[in-house]
1. If you average 1/r over all unlike Cα pairs in region 174-231 and invert the result, what Kirkwood radius do you get in angstrom?
2. Can you sort Ser228, Ser177, Ser123 from fewest to most other Cβ atoms within 10 Å of each residue's own Cβ?
3. Collect residues whose amide H, placed 1.01 Å from N in the peptide plane, falls under 5 Å from the amide H of Phe111; neighbours closer than 5 in sequence don't count.
4. Can you run the Rg to Rh ratio on region 52-186? Use alpha carbon positions and the Kirkwood inverse-distance Rh.
5. Provide Arg198, Arg108, Arg70 in ascending order of the number of other Cβ atoms located within 10 Å of each residue's Cβ, fewest first.
6. Could you line up Val204, Val237 from fewest to most neighbouring Cβ atoms inside 10 Å?
7. Between Ala196 and Asp67, what is the FRET efficiency for a Förster distance of 25 Å, r being their Cβ-Cβ separation, to the nearest 0.05?
8. Give me D for region 117-250 in µm² s⁻¹, whole number, from Stokes-Einstein with Rh from the Kirkwood sum over alpha-carbon pairs, 25 °C and 0.890 mPa s.
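What follows is calculated from the coordinates using simple rules that are stated; it is not laboratory data. Since the structure is predicted, the reported quantities are computational estimates derived from the model, not experimental observations. So basically every Cβ, Gly included, is an ideal-geometry build from the backbone, and we count neighbours across all protein chains shown.
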Amino acid sequence: FLMAATLMMTAAMMMGVPTAWPQVRENLTAWIAHRQPRDMVTEADRSATVSPVNPVIDGRRLVLDDDFSRPTAPLAEMETPDRWLIGFVIDQNVYRMRVWRGFTAWSRLHFDQAAPFRLEADSVVAQETQRGYAGFLTRYYDDANYMLLAVDGEGRFNVMRHQDGVWNTLQPWTDSSAILPAGEHNVLALEDDGQAIRFWCNNVLLFAMVAEPNTPLGDVGLIAGSKSSSSSDVAEVNYSWLKLYELNNE
């Protein structure tokens, strides 16, 4: 039983200001086009058991519940020098993503959601890396079409959409009192019922948008990245648990 667990560098995001994302991503894409394809790691199957007998409670059915003490989530483990170091830290019960300046990394769950879902995760941006950010990848169809929703260690959030290879800022970096600073736990939640996409932090709704009708929900995953201006800074994000629910809209 083998599963490809893929983690890709999606952009070189020098995000001192929000508008830097699309420009740097475009430049980096051109650079990559003349070099090797994006990195991929294949590892032993950790796919979560999806139990058809899990009851629907409050309109939700639990599909995946992982506290990373004995990991079941099909997340990537890999290292690319001076870009990222990502994997499970079993003795600390965390999934750790360390990302160098100017990079954003993701780790997909490979669920390709067909049903409405809610994804929850507990995240901590390391106290010494306030310019780091955590969050979700969603509506992933391919490398040219997906969304990124993030919170950083300075109490701000951001939403970007990559559509047909073009970056769009749906929400520039915005302060929110709901987001705790670096070193503190933030419980993030993402919900996509096929009609709307919603993003929460600590039970406070940060962002909502109407979804395009009759479009697949795509894959989802975790992200981490660094906005630091220092080449020596490495952002660290620790996820201590992850839950995925299917939503019952009936």
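1. 13.7 Å
2. The order, fewest Cβ neighbours first, is Ser177, Ser228, Ser123.
3. Val220
4. A ratio of 0.96.
5. The order, fewest Cβ neighbours first, is Arg70, Arg198, Arg108.
6. Val204, Val237
7. Rounded to the nearest 0.05, the efficiency is 0.30.
8. 163 µm²/s
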